[in-house]
Amino acid sequence: MEELRKLVFSEERQPERLDLFVGGELPGVSRVQIKRLIDEGCILVDGDSSKAAARLRGGEVISISLPEPQPASAQPEAIPLQVLFEDSDLIVIDKPAGLVVHPAAGHASGTLVNALLFHCGDLSGIGGELRPGIVHRLDKDTSGVMVATKNDATHIALAAQFKEHSVNRRYLALVHGLLSPASGRVDLPIGRHPTHRLKMSSKGRQTKSAVTHWRVQRLFETDRLSLVEFRLETGRTHQIRVHFSEQNMPLVHDPLYGGRGRTADLQDQKLRKLAQQLPGQALHARLLGFVHPRSQQYIEFVSEPPPVFGALLDYLSQKYAQVEDESGCGQESL
């Protein structure tokens, strides 16, 4: 059943646009959705259709018909999920490497959205459609913590936190090369690569600001590898991968930005074999923290690297612990 509401624009108010007034009265509905409802005649002023920019001057009665959310175009699929947290507003999951987030060309099914549609029985709709709200994404072969929303109000509030760069996002990666100094910041805009349709580039088209902070966790000097924690200030597509491949330090086994070729050249045979078992780049979304839109409390979630990535890191740690023991001088993690 569609929901019917009536609002009265008080004669004591200053004149205001119709879409802004309705948006203030319906905080869980996005401005884009409100404009669509006005255009479709679901929002009337004194019984007549209107425009989003129409000015209310006092005394008008606004009738609103909120249609039931329509079924999502994607279909529910029983794909296992590792749920870290869930309530009536949002769900936090530990995404495995290899899982595409959203249906697209070549991936019409088997995605995280398909899995969430099956798992979440309490979706109240995003933008008029019964679907989870994806406010950020991880690349297909990047594992780790992700959040999705269940209703418009939560989706709008969390999207605003991502836009304001107030969400705490930490990634763990193994990169080729010895990164120096121990910490720093990359500020290079990113856009679509001018000639390679699957890649992004700092010299790409329609670039947008992209800022990545790094801190070295450990250097594996003999193999010329660095274990690095990244903190994202922005969230552009392939941001970490672009910023460091363009410094000639691609992520280990990255198939798109040069890491796979560098991995094949590793001299340690066991290390090379372990790295080549990764489904893609050695990148893991380790931590995600944000303010819950309903409780207004900061919440934070941490995920350990998946088994294949973990086995690679364990091998390096054990190898270098043995080297340090034999040399009699330990290497302190940075």
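The values are calculated or read from the model by the stated rules, or taken from the named source; none is laboratory data. Just so it is clear, the structure is predicted and the values come from calculations on it, not from any experiment. All Cβ positions, even for glycine, are placed from backbone atoms using ideal geometry, and neighbour counts span all protein chains on display.
General observations
- Qualifying residue in the range 229-245 (condition: more than 17 Å from A285 (Cβ to Cβ) and surrounded by fewer than 16 Cβ atoms within 10 Å (Cβ to Cβ)): no
- Test for I134: is it surrounded by fewer than 21 Cβ atoms within 10 Å (Cβ to Cβ) and in contact with a His (Cβ under 8 Å, 6 or more places away or on another chain): yes
- Meets criteria (more than 26 Å from H253 (Cα to Cα), crowded, with 18+ Cβ neighbours inside 10 Å and of a type outside the set (F, W, Y)) for A78: no
- Within the range 194-214, restricting attention to residues that are under 21 Å from the mean Cα position of the chain (by Cα), of a type outside the set (S, T, Y) and not in a loop (DSSP other than H, G, I, E, B), the residue that is nearest to D139 (Cα to Cα) is M200.
- The range 161-207, residues that are among the hydroxyl-bearing types (S, T, Y) and crowded, with 19+ Cβ neighbours inside 10 Å: Y171, S201
- Enumeration of residues in the range 116-131 that are at pLDDT 90 or above and crowded, with 23+ Cβ neighbours inside 10 Å: L116
- A Cβ distance below 7 Å, combined with a sequence gap of six or more or placement on separate chains, defines the contacts here; from the range 34-45, residues that are within 12 Å of S65 (Cβ to Cβ) reach residues that are assigned to a strand (DSSP E or B) and at pLDDT below 85 in the pairs C42/S65.
- Qualifying residue in the range 161-175 (condition: over 17 Å from the mean Cα position of the chain (by Cα), outside the structural domain of L90 (by TED's automatic domain parsing), of a type outside the set (D, E) and modelled with pLDDT of 90 or more): yes
- Among the residues of the range 208-224, those that are out of contact with any helix residue (DSSP H, G or I) (no Cβ under 7 Å at 6 or more places or on another chain) and surrounded by 20 or more Cβ atoms within 10 Å (Cβ to Cβ) comprise W214, L219.
- Count - residues of the range 1-59 that are in a loop (DSSP other than H, G, I, E, B), basic (K, R) and closer than 27 Å to E129 by Cβ: 1
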